[in-house]
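For reference, the structure discussed in these notes is given below.
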């Protein structure tokens, strides 16, 4: 068990600072409508959007659809969960059966074709037994209500059980280690500045620059699901209570070529948002440098885990991450759509298929 027991926690499964959730609700991503499911006065955060189900389909499905993708419909969907928390969040005293009933009622009332409970933990080593037991009961209740459960994204993390970067590199093969060390030589070409969220990031010019760098990465990605707003970034950067740290990477002439916004919560460092200036960042292997800088920060500060987030499982596997899966639970009111989801479900488990192929 990596995670410590915390006595003050507003939700089960909450790894991030609570302020990140309030910023999400107050400043939702583009085309998101904040929503919540209420059960006995307790609220479970979520959102409504027009959803393209092919967003998480694997490459085989993407290639098959090809140019006809734009002709396929989007579905008005009620999502339970957020895109700024690693897991779906639930109050401690939530009854899973009552929640399922309330979620289906809200789906019907809001006119949504789909209801998706996203990012349900699946025996997560980052959570407590109470939290994992709740997830087991929740999945059982959802399946009893005809929800279809699928493997979701794989959350990358690194248990910090080593005392130096050299010791960490020792777990790789000789050729693998040689390649990583070659990339790490670029540390000589950058300097790293650390700023705390709050006063250190109150200058609006920082927020505008970081947002522009974030958009560079967003636009370069194959997945375009949750485009965060400038107001969200401003809110998070100015919140000193969330214990955020912005690692700012400068090139040799002092210009900023990237940033990495992380949060220190308990004995974890949570790597949450990154932004790059292209092509400068690629020239110095900045993605790799930021990974190892974060590991060095964990060692220096006696932290027990780096939580490296979703996306890019191939690269994170290459960098030495472990993974813990989530589950998505999907309910389709239309029987034809429900039939398709049952048959096609495995093709929407892209992370699991990717990581299993890397074992072969």
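Here, each number is a calculation from the coordinates, and none is a lab measurement. Not measured: the values here are computed from a predicted model. So basically every Cβ, Gly included, is an ideal-geometry build from the backbone, and we count neighbours across all protein chains shown.
Among 272-279, 213-220, how do they line up from the highest to the lowest mean number of other beta-carbon atoms within 10 Å?
In descending order of packing, they fall as 272-279, 213-220.
If you look at just the Cα atoms of the range 222-349, how large are its Rg and its Dmax in Å?
In Å, with Rg to one decimal and Dmax whole: 18.5, 61.
Normalised by the number of residues in the range 161-303, what is the relative contact order in percent for Cα pairs under 8 Å and 6+ residues apart? Could the numbers behind the result be given before it?
Details: 189 pairs, mean separation 41.1, N = 143.
Reported as a whole number, the value is 29 percent.
What full-extension length gain, to one decimal in nm, is calculated for residue 31 and residue 202 as 0.36 nm per residue of separation minus the Cα-Cα distance?
Numbers: separation 171, 0.36 × 171 = 61.56 nm, distance 2.70 nm.
Value of the extension gain: 58.9 nm.
Can you tell me the 0 to 90 degree angle between the C-alpha axis of helix 286-300 and the longest principal axis of the chain, rounded to 10?
Relative to the chain, helix 286-300 is tipped by roughly 80 degrees.
Of the listed peptides 19-32, 231-244, what is their order by residue-averaged count of other C-beta atoms within 10 Å, with the highest listed first?
Details: 19-32: 18.1, 231-244: 20.0.
Highest-to-lowest ranking by the protection proxy: 231-244, 19-32.
What nm distance separates the two modelled labels at residue 191 and residue 224, each placed 7 Å from Cα along Cα→Cβ?
Simple spin-label model gives 3.7 nm for this pair.
At a 10 angstrom cut-off on C-beta neighbours, averaged per residue, how do the peptides 252-259, 145-152 rank from highest to lowest?
Working: 252-259: 15.1, 145-152: 18.6.
The peptides rank, most packed first, as 145-152, 252-259.
Find the all-direction average of the projected area of the Cα convex hull for the chain, expressing the result in square nanometres with one decimal place. All intermediate terms of the calculation are to be shown ahead of the outcome.
Working: hull surface 74.2 nm².
If you wrap the Cα atoms of the chain in a convex hull and average its projections, you get 18.5 nm².
Roughly speaking, what is the stretch gain from residue 314 to residue 172, that is 0.36 nm per residue apart minus the C-alpha to C-alpha distance, in nm to one decimal? Write down the numbers at each step before the final one.
Numbers: separation 142, 0.36 × 142 = 51.12 nm, distance 1.53 nm.
Extending this stretch completely gives an extra 49.6 nm.
At 1.306 mPa s and 10 °C, plugging the Kirkwood radius over alpha-carbon pairs of the range 161-303 into Stokes-Einstein gives what diffusion coefficient in µm²/s? Walk me through the intermediate numbers first.
Working: Rh = 16.1 Å.
My calculation gives 99 µm²/s for D.
Select from 224, 328, 268 the residue whose mean-square fluctuation is largest in a Gaussian network model of the chain (Cα-Cα springs shorter than 10 Å).
Maximum fluctuation in the GNM of the chain, among the listed residues, is at 224.
Report, in degrees rounded to the nearest 10, the 0 to 90 angle that the Cα long axis of helix 350-359 makes with the longest principal axis of the chain.
It works out to around 50 degrees.
Just to be sure I understand: of the beta bridges DSSP finds with both ends in the chain, what percent are antiparallel, rounded to 5? All intermediate terms of the calculation are to be shown ahead of the outcome.
Working: 53 of 60 bridges.
Counting DSSP beta bridges with both partners in the chain, the antiparallel share is about 90 percent.
Given axes a ≥ b ≥ c from the Cα gyration tensor, I'd like to know whether the range 121-225 is rounded (a/c under 1.5), prolate (a/b larger than b/c) or oblate.
oblate
Could you work out how much longer the chain between residue 182 and residue 250 gets when fully extended? Use 0.36 nm per residue separation minus the Cα distance between them, nm to one decimal. Could the numbers behind the result be given before it?
On the way: separation 68, 0.36 × 68 = 24.48 nm, distance 1.97 nm.
Result for the pair: 22.5 nm of gain on full extension.
Describe numerically, in nm with one decimal, the distance between label points set 7 Å from Cα along Cα→Cβ at residue 339 and at residue 38.
3.9
Taking R0 as 22 Å, what's the FRET efficiency between residue 10 and residue 137 from their Cβ-Cβ distance, rounded to 0.05? Intermediate values should be presented prior to the final figure.
Values: r = 20 Å, r/R0 = 0.90.
That pair, residue 10 with residue 137, gives E of 0.65.
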